[in-house]
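The values are calculated or read from the model by the stated rules, or taken from the named source; none is laboratory data. All values reported here derive from a predicted model rather than from experimental measurement. Here the Cβ positions follow ideal geometry from the backbone for every residue, glycine too, while neighbour counts run over all protein chains shown. Heavy atoms of the whole protein, side chains included, go into the accessibility calculation; ligands, DNA and RNA do not. Shrake-Rupley method; radii C 1.70, N 1.55, O 1.52, S 1.80 Å.
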Amino acid sequence: MKLLLVLSVLVGLAAADDLAVQQQAVNRLLLKVTEPIRSYFTDLRQAADSWDPREHKSSYTDEGAAAETLLKEIESHRVLEQKKIFSLFNTRQREEAIMLVHVLLNSKDFETFKNSAAYFRERVNEGEFVYALYVAVTHSELTSDIVLPPLYEVTPHLFTNSEIINKAYGAKMTQTPGKFKMSFTGSQQNPEQRVAYFGEDVGMNSHHVHWHMDFPFWWDGHKIDRKGELFFWAHHQLTARFDAERLSNHMPMVDELYWDRPIYEGFAPHTTYRYGGEFPSRPDNKIFEDVDGIARIRDMKILESRIHDAIDHGYIEDAQGNHIALDEEHGIDILGNIIESSTYSPNPQYYGSLHNVAHIMLGRQADPHGKFNLPPGVMEHFETATRDPSFFRLHKYMNNIFKDYKNTLAPYTAEDLGYANAQITDLSIDGELSTFFEDYEFNLINAIDDTESIDDVDITTYVSRLNHKDFSYNIGVTANADEVATVRIFLCPKLDSNGIEYTLDEARWGCIQVDKFWTSLSAGKNTITRKASESSVTIPDRTHFQTLIDEADEAVKSGSALEKHNARACGLPQRLLLPKGNEEGLEVELFVSITSGDDAVHSDLVSNDHGGSYGYCGIKGQEYPDKRAMGYPFDRRVPDDRTFRQPNIKWETVKIFHHDH
Ligand code: CUO
C-alpha cells in the first residue's frame with residue numbers, strides 16, 4: 001500500500017514536471033524571437049546549433065518528409081529572410097509557415113517538437129516562426145495544456161503604436177525603467193475615435209488572431225467541424241458587438257463596404273513594423289483601385305454576383321459541375337467556406353476568395369500599384385485588422401451576404417421556438433449592469449533589440465480598456481418534468497441611434513449572444529443562477545508572459561506541479577461581455593430562451609464546459625456542442641413577433657450604466 005502511494009506520488013510529480021518543462025520550453029522559444037536563442041537555455045541552444053532533423057526521421061510520423069521539404073527550401077535560399085515582414089495573406093510566405101507547422105505537428109513526442117522548433121527558429125523568418133509555433137501548439141495533442149503567452153507581449157509592435165515603441169527604445173538605451181501610457185490612434189476630430197477603444201483593444205485583437213489560428217483558412221489537417229459556419233458566426237458577432245459600441249456612443253450602425261463607392265473612413269495606424277517601415281495610411285474617401293497582382297475591382301464584383309446567384313438558386317456548383325444544395329443544415333457552412341475562402345471551399349476557382357482578397361485589396365489602397373514599395377497594410381494581419389474602421393465595413397458586407405442567404409430560409413415556427421416543458425416565470429439581473437474603463441499594463445521587453453550582455457529594465461505600457469462589474473442572471477423556471485435544457489442568453493439593441501425602437505426583425509441581426517449553456521431542470525420550480533463570468537463566449541484575462549515564465553521556471557526548479565491556467569486562447573475577453581453603457585443607462589433587451597437539451601451534441605455538457613469559450617470558438621478537436629444553427633433563434637427572419645411570445649422565451653428591457661472613475 002505504502003509502495004503504491006509512493007509510486008503514485010512519483011508518477012504524479014513526473015507528470016507535473018513534464019508540463020512545467022514543456023511550458024518553460026515554449027516560453028523560451030518565444031522570448032525575444034528576433035535574437036538568437038539565449039546561450040543559457042542550453043538544450044534549446046544545442047538543438048538550434050546541432051540537432052539535425054535529418055538524423056531524427058523516425059521521430060516524425062511522416063518519417064521526416066515535412067522537415068525535408070522545409071530544409072530543401074532553406075538550403076536553396078528560397079525562404080523569406082529574417083527581419084523581413086511576414087504576412088499570412090502572402091501566398092508564398094504562408095506556404096513556408098505551413099511547412100513549419102507540418103514539421104511540428106508531425107513530431108511524435110515533445111522532445112522532437114521542441115528540438116525542431118529550436119532548430120528552425122534560427123533558420124526561418126521570425127514572423128513565420130511565431131505564427132507556426134502558435135498554430136502548432138494550438139493544434140498538437142502534445143501541447144494541449146500549454147498556455148501561449150499573450151501575443152501583445154510576444155510581438156508588441158502589432159498591438160501598440162510607434163510613439164510607445166520609440167519611448168520603449170529610449171528607456172532601453174538609457175537603461176531607465178519606463179511605464180508609458182498608450183493612447184488610441186487618431187484625434188477627437190474623428191468620430192470613429194469614439195469607438196477606437198474597441199477596435200484597438202489588445203484582448204479583442206488577440207481573440208481575433210487566435211480565432212484564425214484555431215480555424216486557419218488554409219487548414220489541411222483533421223476535419224474541423226462547422227468551420228465555415230463558425231467563420232460566419234464569430235465575425236457576425238464581432239460586427240454586432242462593434243455596432244453595440246456605436247449605438248452606445250450615439251453613432252449609427254456601421255454601413256457595409258461597396259466596391260463602387262469611396263472608402264469613407266481613412267485610417268492612420270501610427271504603427272511601425274519591427275523591421276520594414278511604417279504601416280501605410282489611407283486618407284478619407286479613397287476611391288477603390290485595382291491592386292496589381294492581386295485583383296481588379298470588377299473581379300470582386302463578379303465573385304460577389306456568383307455567390308448571390310448561388311444563394312438565389314439555392315445551390316452552389318462544385319468544381320465538377322455538381323450541384324450542392326444550400327440546405328438548412330449545411331448551407332451556411334458551405335457559404336462560409338466559399339466566402340472566406342478556405343480549403344473546404346468546393347469550388348475556389350469559380351467562387352474565388354472574396355474575403356481574403358478583400359483584406360489585401362483594402363490593405364493595399366495606399367499603394368495599389370506598388371509604386372512606393374509600401375509594406376502591407378493593417379488589414380493584411382489579423383493582429384491589426386480591426387483597428388481600421390474599414391474592417392467592420394468589410395465584414396458588414398460579408399455579413400449581409402450571409403444574411404441574404406439566411407433570409408431565404410423559412411422563418412422558425414412557433415413549434416421550432418417553443419418548449420412545452422419549461423415556463424420562464426422570472427428574469428432579473430443580480431447586480432448592476434455597469435461598465436467602466438481601467439488601465440491595463442503589459443510588457444514591452446520583447447519589442448526591443450538587445451543582446452545577452454545588456455540587462456533588461458522594466459519597460460511596460462498601459463492602456464485604457466473596457467470592463468464591467470460582476471453580475472449574474474437569475475432565471476425562474478417552472479418545469480413539468482426533470483429534463484436537460486438549453487439556455488440561450490442574448491443582449492439585443494432596443495433603439496437605433498435616433499432613438500427609434502427596433503422591431504424584433506430589425507433588432508435580431510444586432511443581437512449579441514452573451515451565453516449559452518446546458519442545465520438540468522427538475523419538475524417544479526427552478527431558479528437558474530448563472531454568473532456572467534461563466535459565459536461560454538468568453539475567456540478570463542490572459543496570463544502575462546512574465547508570469548508564465550516565473551511560474552514554469554519555479555516549478556521546474558522545485559519539481560513541483562505547475563499551476564494550470566486557461567489554455568484556450570480563442571474567446572472574447574470576459575471584460576468585453578457588455579457593450580459600454582452610459583450615464584443615464586443604455587437600454588437593451590435581455591433575451592432568454594430555454595429549449596429542450598436534445599440539441600446537445602455531447603452528453604456531458606451540463607457538467608463539462610469543454611475548455612470554456614465554445615460559443616464563438618467551438619470545442620477544440622471535437623464537434624461544435626449545439627446541433628442548432630449558430631445564432632438560433634435570431635438567424636432567420638421574424639415576420640411575426642407572436643411566434644416568439646411563448647412561455648419558454650422571455651425578454652426584458654435592462655439598462656447598462658457606465659461610470660468613469
Ligand atoms: Cu477575421 Cu476578416 O476574417 O478578419
Taking residue 367 as the residue in question, decide whether it is within 11 Å of the ligand (Cβ to nearest atom) and charged (D, E, K, R).
no
Determine which single condition residue 643 fails, assuming it passes every other condition in (1) β-branched (Val, Ile, Thr); (2) under 28 Å from the mean Cα position of the chain (by Cα); (3) more than 25 Å from residue 472 (Cβ to Cβ).
(2)
Being closer than 21 Å to residue 654 by Cβ, more than 27 Å from the chain's Cα centre (by Cα) and open to solvent by less than 10 Å² (accessible area, probe 1.4 Å) is the filter here; which residues of region 586-601 pass it?
594
Selection count, region 310-329, where residues are in contact (Cβ under 8 Å) with a residue 12 or more places away in the chain and at positive phi
1
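One line per residue, one yes/no per condition, for (1) in the same structural domain as residue 231 (by TED's automatic domain parsing); (2) more than 20 Å from residue 223 (Cα to Cα); (3) out of contact with any Gly (no Cβ under 7 Å at 6 or more places or on another chain); (4) polar (S, T, N, Q):
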{"site": "320", "(1), (2), (3), (4)": "yes, yes, yes, yes"}
{"site": "324", "(1), (2), (3), (4)": "yes, no, yes, no"}
{"site": "333", "(1), (2), (3), (4)": "yes, no, no, no"}
{"site": "344", "(1), (2), (3), (4)": "yes, no, no, no"}
For region 266-301, name all the residues that are open to solvent by 40 Å² or more (accessible area, probe 1.4 Å) and without any contact (Cβ under 8 Å) to a residue 24 or more places away in the chain.
283, 284, 285, 296, 298
Can you confirm whether residue 254 is outside any helix (DSSP H, G or I), within 16 Å of the ligand (Cβ to nearest atom) and within 29 Å of residue 286 (Cα to Cα)?
yes
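Check 516, 525 and return the single one that is assigned to a strand (DSSP E or B) and open to solvent by 30 Å² or more (accessible area, probe 1.4 Å).
Criteria check complete, one pass: 525.
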Restricting attention to region 443-454, does a residue exist that is farther than 28 Å from residue 128 by Cα and open to solvent by less than 10 Å² (accessible area, probe 1.4 Å)?
no
Does residue 625 qualify as being farther than 28 Å from residue 580 by Cα and open to solvent by less than 50 Å² (accessible area, probe 1.4 Å)?
yes
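If you go through region 51-70 one residue at a time, do you hit one that is out of contact with any helix residue (DSSP H, G or I) (no Cβ under 9 Å at 6 or more places or on another chain) and among the small types (Gly, Ala, Ser)?
Our first condition is that a residue be out of contact with any helix residue (DSSP H, G or I) (no Cβ under 9 Å at 6 or more places or on another chain); within region 51-70, this holds for 55, 58.
If we keep only those that are among the small types (Gly, Ala, Ser) as well, we get 58.
Within region 51-70, one or more residues are out of contact with any helix residue (DSSP H, G or I) (no Cβ under 9 Å at 6 or more places or on another chain) and among the small types (Gly, Ala, Ser).
Between 307, 360, 338, 332, which is under 20 Å from residue 232 (Cα atoms), open to solvent by 10 Å² or more (accessible area, probe 1.4 Å), in contact (Cβ under 8 Å) with a residue 60 or more places away in the chain and among the β-branched types (Val, Ile, Thr)?
Being under 20 Å from residue 232 (Cα atoms), open to solvent by 10 Å² or more (accessible area, probe 1.4 Å), in contact (Cβ under 8 Å) with a residue 60 or more places away in the chain and among the β-branched types (Val, Ile, Thr) holds for just one of 307, 360, 338, 332, which is 360.
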Part of a strand (DSSP E or B), in contact with an Asp or Glu (Cβ under 8 Å, 6 or more places away or on another chain) and over 29 Å from residue 587 (Cα atoms) - does that describe any residue in region 612-619?
no
Among the numbered criteria (1) in contact with a helix residue (DSSP H, G or I) (Cβ under 8 Å, 6 or more places away or on another chain); (2) open to solvent by 20 Å² or more (accessible area, probe 1.4 Å), which single criterion is violated by residue 385?
(2)
